[in-house]
Structure formats: structure tokens, C-alpha cells
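The values are calculated or read from the model by the stated rules, or taken from the named source; none is laboratory data. These figures come from a predicted structure and were not determined experimentally. Here Cβ is always computed from backbone atoms with ideal geometry, including for glycine, and neighbour counts include all displayed protein chains. Just the protein is used for accessible areas: all its heavy atoms, side chains included, with ligands, DNA and RNA removed. Shrake-Rupley method; radii C 1.70, N 1.55, O 1.52, S 1.80 Å.
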Amino acid sequence: MGKTTTAVNLAASMAATKRRVLLIDLDPQGNATMGSGVDKYELAATAYELLIDEKPLAEVVVKDTSGGYHLVGANSDVTAAEVRLMDVFARELRLRNALKAYKNSYDYIFIDCPPSLNMLTVNAMSAADSVLVPMQCEYFALEGLTALVDTINKLASVVNPELKIEGILRTMYDPRNRLANDVSEQLKQHFGDKVYRAVIPRNVRLAEAPSFGAPVMYYDKSSTGAKAYLALAGEILRRSEKKKPVAGAVAQ
């Protein structure tokens, strides 16, 4: 439970607070699309049409999702977009340019990145104002975080000088686990207030919700997973309410 779980449930939690939210699924697996209650096999248009055919966002977006937010969906067609992007002009700016006219239409835009660094991820980082990093409190994840921070810094120097880490979210957290507590303390020492106070616990309901095509707050609103993502949304709102509408990538 990492980036996609966070993208879907944070988008739903923000939408529940009456914010205007757009979720963009850039992962060809389409898990964020399915988790939003949208059949990825039935999509009339995906992120492919947005990036390659340069269709306006209004013609690609799905407004009827189980989470109450708007969605640009993804399926296996998006894999072809990665290949096609290699041959187009200003390939790393396609998503940024596609969103330019619509940023004021939304309070928050979340982008679910692919799990690897490719041209789709570069497009997300180019379009985003900041990156939210979900991570498990394990030593291997801590090493991976170091590499991710280095990648973000390099991308900031090349494609998006404004890019920064918005926050680090501890997921699948078990306070009874000594290793989890040790890694959590290391995160706070190195990243300070970049580490969200809200933590996402190991939670069966959170794991079950995607198979029902719904964010956890609509699958079981009393679950600890649902309450944790609502707490995260509240924390982000308190931090950024005075800022302009934001586009944020969710990467791991």
C-alpha cells in the first residue's frame, strides 16, 4: 500500500472536504482508475489522448467516480504513450502544457506516477509543484528514499526548478514494531517537518477497498485507514490552505 493507495484515498478525502480535485493516473496498470470505480477497459479516452493526441483535458476527464473527484484514467494504452513521447517535441512538458489552462479549475491535482523513472514520470514531475512520498518504515525503503530524493533534485535542475518534496508519509505503520519506530525516528531527524504527523496504519479494510472499486472512506468510513487519510488531508490543508491551487505528484 503505497503511492496508488495514497493517491486514491487522499483525492477522495480532499473531495470530501468540498475541494475541487483531479486525479491523473499515469500508471499503465490503471490501478488508480479501477480504485476510483472506473473500468479501465471501458475508458473512451485516457492519459494517452491527453499526452499524445493533445486532446483538451475537458474531453478526457471522467467526472463520475466513486471518490467524488474528477479522473484522467489509464490502461495499457498509456504504455504506448511512453514510447510515442520519445519522438515528440518538448516531450517532458506535455502534461504541464495540457494542465496549464485548467489549473484554476481545481484546488488540488494529484498525479499517480508509474513505479519507475520513465518519460511518464518525468512529465509528472515537470507538471507538479511538489512530490508526496509514501514509504514503509523499513531500511530498504529508507535507502530507496535517498535515491528518490536525489532523482527529484536532478529533475528539478533540468525540467522544473520549482519542484520540491511536499511531504513524506509513513504507510503500513505498526507502532509495535521496533524497526518501524527506529526508521520513523530517522526520517524525522533527516526531514524534520517534511514528515507528516499523520501515519497510515496496516489496515485490512484499506487493502480490501480497491477490489470494490472505492476509496476506503466509502468502503468502510469507520476504519482506521479511512480516518488516517482524512487526518492526512486535514494536515495538508492546514499547511497549504493559503497557497494557490497545486498540482502534486505521488511517487515512490
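Annotations
- In segment 83-124, the residue that is surrounded by the most Cβ atoms within 10 Å (Cβ to Cβ) out of those that are of a type in the set (Phe, Trp, Tyr) and modelled with pLDDT under 95 is Tyr102.
- No other residue among Ala214, Ala233 is touching a helix residue (DSSP H, G or I) at 6+ places or on another chain (Cβ under 7 Å) and in contact (Cβ under 8 Å) with a residue 24 or more places away in the chain apart from Ala233.
Quick grid of which residues meet (1) open to solvent by 20 Å² or more (accessible area, probe 1.4 Å); (2) in contact with a Gly (Cβ under 6 Å, 6 or more places away or on another chain):
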residue: Leu10; (1), (2): no, no
residue: Met14; (1), (2): no, no
residue: Gly37; (1), (2): yes, yes
residue: Leu43; (1), (2): yes, yes
residue: Asp53; (1), (2): yes, no
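- Residues that are more than 16 Å from the chain's Cα centre (by Cα) and assigned to a loop (DSSP other than H, G, I, E, B) were ranked within segment 69-82; the one that is surrounded by the most Cβ atoms within 10 Å (Cβ to Cβ) is Asn75.
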